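Asks: Please read through the structure below; I'll follow up with questions.
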Amino acid sequence: MRLSPLQTSTSGRKRPSRNGRHIGFIGVGRDITERKHAEAALRRSETQLRLLADNMPVLIISLDADLNFRYANRAYCEIHNIEQAAILGRNVREIIGEVGYRKLKPKLDPVHKGNTLEFETTYRFADGIERDIVATYVPEIDAYGEVRGFYAMLIDITERKQAEAALRQSESQLRLLADNLPVLIMSLDTDMRFRFANRAYCNIHSIEQSDIIGRKL
């Protein structure tokens, strides 16, 4: 039978005699093996979560109630040109500057009250580039209902916004072209409802373009 080693915590004091000489030692040993195992498991879990967060294509941070950094993933630190070890304990105001802080502060009020918040905004990072982002703030609430800080995840949607703008511009140009062609042009969905009808089609049917959208053929 193989015995597992125990981890112990020992405390004690010297045992004096009546004439003041030390004649022994009184000590207490406690088995802390389970506690040590739990601490090791927690460290492994934290390491795995940090590894995951550091390799995600999003910005992730954790701030305490005074807005000091407890954690920032690799992507966040790279975009702010700062080492991960150097950002810990620093106030968010130092990292994002006064302009960024003034823009951020109104968003923090509901989070400090314990509410999760998600919103879209534009933000100029340390590299000078303004980006469109989706931000999610999640408060950390302790067992007594007090907000001890919050976690934030920022997703860069700049490319998506640019693609949407390019699509709108392309659609606008196509509509302009269609409205000036001497032919009747329309687009229907699978339920035979109008998605588009050019000016010539609407003129011949005596209906406004805005009124025909959604109507059945």
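Asks: Any chance segment 130-151 includes a residue that's modelled with pLDDT under 85, in a loop (DSSP other than H, G, I, E, B), more than 30 Å from Q209 (Cα to Cα) and not charged (D, E, K, R)?
Replies: Within segment 130-151 (the criterion being modelled with pLDDT under 85, in a loop (DSSP other than H, G, I, E, B), more than 30 Å from Q209 (Cα to Cα) and not charged (D, E, K, R)), the answer is no, since none of the residues qualifies.
Asks: Mind listing whichever residues of segment 164-177 are surrounded by 11 or more Cβ atoms within 10 Å (Cβ to Cβ) and either under 30 Å from A75 (Cα atoms) or in contact with a helix residue (DSSP H, G or I) (Cβ under 8 Å, 6 or more places away or on another chain) (or both)?
Replies: E164 - this is the single residue of segment 164-177 that is surrounded by 11 or more Cβ atoms within 10 Å (Cβ to Cβ) and either under 30 Å from A75 (Cα atoms) or in contact with a helix residue (DSSP H, G or I) (Cβ under 8 Å, 6 or more places away or on another chain) (or both).
Asks: I would also like to ask the following. What single numbered condition from (1) loosely packed, with under 15 Cβ neighbours inside 10 Å; (2) in contact with a helix residue (DSSP H, G or I) (Cβ under 9 Å, 6 or more places away or on another chain) fails to hold for I141?
Replies: It is condition (2) that I141 fails.
Asks: A further question follows. Condition first: in contact with a Cys (Cβ under 8 Å, 6 or more places away or on another chain) and free of Cβ contacts under 8 Å to residues at least 24 places away in the same chain. Can you find one or more residues in segment 195-208 that meet it?
Replies: Pass one, segment 195-208, residues in contact with a Cys (Cβ under 8 Å, 6 or more places away or on another chain): 208.
Those still in the list that are free of Cβ contacts under 8 Å to residues at least 24 places away in the same chain too: 208.
Within segment 195-208 (the criterion being in contact with a Cys (Cβ under 8 Å, 6 or more places away or on another chain) and free of Cβ contacts under 8 Å to residues at least 24 places away in the same chain), the answer is yes, since at least one residue qualifies.
Asks: Quick check on my filter: what residues within segment 203-217 are under 16 Å from L181 (Cβ atoms) and modelled with pLDDT under 90? Lay out the reasoning, then the answer.
Replies: Taking segment 203-217 as the starting set, the residues that turn out to be under 16 Å from L181 (Cβ atoms) are 203-204, 209.
Answer for segment 203-217, where residues must be under 16 Å from L181 (Cβ atoms) and modelled with pLDDT under 90: I204, Q209.
Asks: From L154, L184, L174, which residue is of a type in the set (A, V, I, L, M) and assigned to a strand (DSSP E or B)?
Replies: The unique qualifying residue is L154.
Asks: Which residue pairs have Cβ atoms closer than 6 Å, lie 6 or more positions apart in sequence or on different chains, and pair a first residue in segment 157-185 that is within 30 Å of I129 (Cβ to Cβ) and in contact (Cβ under 8 Å) with a residue 24 or more places away in the chain with a second residue that is outside any helix (DSSP H, G or I) and not polar (S, T, N, Q)?
Replies: Matching pairs, first to second residue: I157/D132; I157/V134; T158/R131; T158/D132; K161/D132.
The values are calculated or read from the model by the stated rules, or taken from the named source; none is laboratory data. As the structure is a prediction and not an experimental result, all values here were calculated from the model. A quick note on method: Cβ atoms are made from the backbone with ideal geometry, for glycine too, and the neighbour counts reach across all protein chains shown.
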